[in-house]
């Protein structure tokens with residue numbers, strides 16, 4: 001986290017209780033510091049022998065200023081203790097000095113003291129969002145991930161309420177901690193919030209791949225996440241192409257696998273001689289053509305079927321061919337007839353509507369998703385919001401983040 005703004009503590013307004021010797025030495029030290037002569041300042045500071053609370057505070061203040069100029073965090077932390085324990089610290093400065101003490105304890109790896117000092121500062125009224133972030137990180141470093149993540153979420157809420165952008169690093173910290181703890185719903189939640197504000201292809205790739213590491217993920221769910229990765233321009237490597245194409249072919253969408261491979265070859269991400277995909281193309285090319293040829297019969301069957309299974313399958317087939325308006329028709333038929341996985345069909349209907357340009361309809365359909373499909377829907381919702389933002393000419397920060 002960023003260093004706090006270091007302001008020189010103000011000396012109390014009176015020198016009535018200073019001895020003549022201390023007054024002369026402290027004035028000489030201050031003059032040397034103000035002129036940038038740190039060596040002379042240090043020589044004067046080492047001669048100080050404070051005897052009263054005020055003298056102890058001023059000596060600590062001079063040590064703090066000297067240590068700050070030398071970028072010595074251990075000496076800064078000791079000087080803050082001298083000031084706070086002097087008995088003469090101006091009351092208005094105590095909350096901020098407690099925060100600084102907590103910050104430098106955090107920096108030095110003393111997380112227990114950091115938490116105690118920052119909590120004290122907050123109790124005394126110094127509670128900007130930086131204190132919440134520090135508490136979050138200190139708790140995380142103490143292996144208290146639940147407390148740390150709750151505080152980090154509080155910090156994000158406070159930052160948004162202030163009208164300031166949430167730093168990307170906050171999301172990265174939360175995603176990393178959630179990933180390590182195996183809290184996959186939190187990985188998704190934090191990734192979606194990050195992508196709403198920082199929607200680069202690299203961020204889309206890492207956000208989706210992180211969530212795809214969740215154990216037991218439905219292959220159909222995973223496939224729709226690869227489709228989103230493709231839609232956001234985040235298919236970045238030969239490995240991405242292999243994984244997407246292989247998954248599509250295993251789920252019966254050989255034509256989609258072929259299209260993924262061809263697009264990668266055209267863009268230069270893949271060569272025609274790459275072994276894995278070359279073998280895959282050889283094994284699925286005939287099946288891809290047969291599936292396309294069988295589609296009219298599947299549509300006809302869907303029209304007369306008692307339930308929506310055939311219509312859902314036809315919708316999936318059209319979807320895999322990027323024929324999204326036709327997919328919309330079949331998914332709506334499937335939902336009207338019933339007997340299908342409503343969450344899956346609603347999600348894919350929403351995606352197909354979005355890819356067809358009906359963004360409001362897409363959001364309405366995606367909102368119907370439940371269970372693991374709700375996670376897929378929320379990822380796609382971020383993309384839908386960004387398409388709406390581009391249409392309206394707004395900035396990413398103006399888009400509502402997912403909850």
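Which of (1) surrounded by 13 or more Cβ atoms within 10 Å (Cβ to Cβ); (2) more than 27 Å from residue 389 (Cα to Cα); (3) touching a residue at least 12 places away in the same chain (Cβ under 8 Å) is the odd one out, the single condition residue 364 does not satisfy? Failing condition for residue 364: (2). Of the numbered criteria (1) at pLDDT 90 or above; (2) surrounded by 13 or more Cβ atoms within 10 Å (Cβ to Cβ); (3) under 49 Å from the mean Cα position of the chain (by Cα), the one residue 25 fails is (3). Scanning segment 173-187 for residues that are out of contact with any helix residue (DSSP H, G or I) (no Cβ under 6 Å at 6 or more places or on another chain) and either crowded, with 16+ Cβ neighbours inside 10 Å or in the same structural domain as residue 114 (by TED's automatic domain parsing) (or both) yields 173, 183, 184. Filtered by the rule that a residue be surrounded by fewer than 22 Cβ atoms within 10 Å (Cβ to Cβ) and in a helix (DSSP H, G or I), segment 228-249 gives 228, 230, 231, 238, 239, 240, 242, 243, 246, 247. Whether any residue in segment 88-99 is assigned by TED's automatic domain parsing to the domain that holds residue 32, within 24 Å of residue 46 (Cα to Cα), in contact (Cβ under 8 Å) with a residue 60 or more places away in the chain and assigned to a helix (DSSP H, G or I) is what I want to check. For segment 88-99, residues assigned by TED's automatic domain parsing to the domain that holds residue 32, within 24 Å of residue 46 (Cα to Cα), in contact (Cβ under 8 Å) with a residue 60 or more places away in the chain and assigned to a helix (DSSP H, G or I): present. One residue stands out in segment 374-395 among those that are assigned to a helix (DSSP H, G or I) and more than 18 Å from residue 231 (Cα to Cα): the one that is nearest to the chain's Cα centre (by Cα), namely 374. For the residues 208, 223, 195, 151, the requirement of being without any contact (Cβ under 8 Å) to a residue 24 or more places away in the chain, outside the structural domain of residue 341 (by TED's automatic domain parsing) and crowded, with 19+ Cβ neighbours inside 10 Å singles out 151.
The values are calculated or read from the model by the stated rules, or taken from the named source; none is laboratory data. Keep in mind that this is a model prediction, so the values were computed, not measured. Note that each Cβ is placed from the backbone with ideal geometry, even for glycine, and that neighbours are counted across all protein chains shown.
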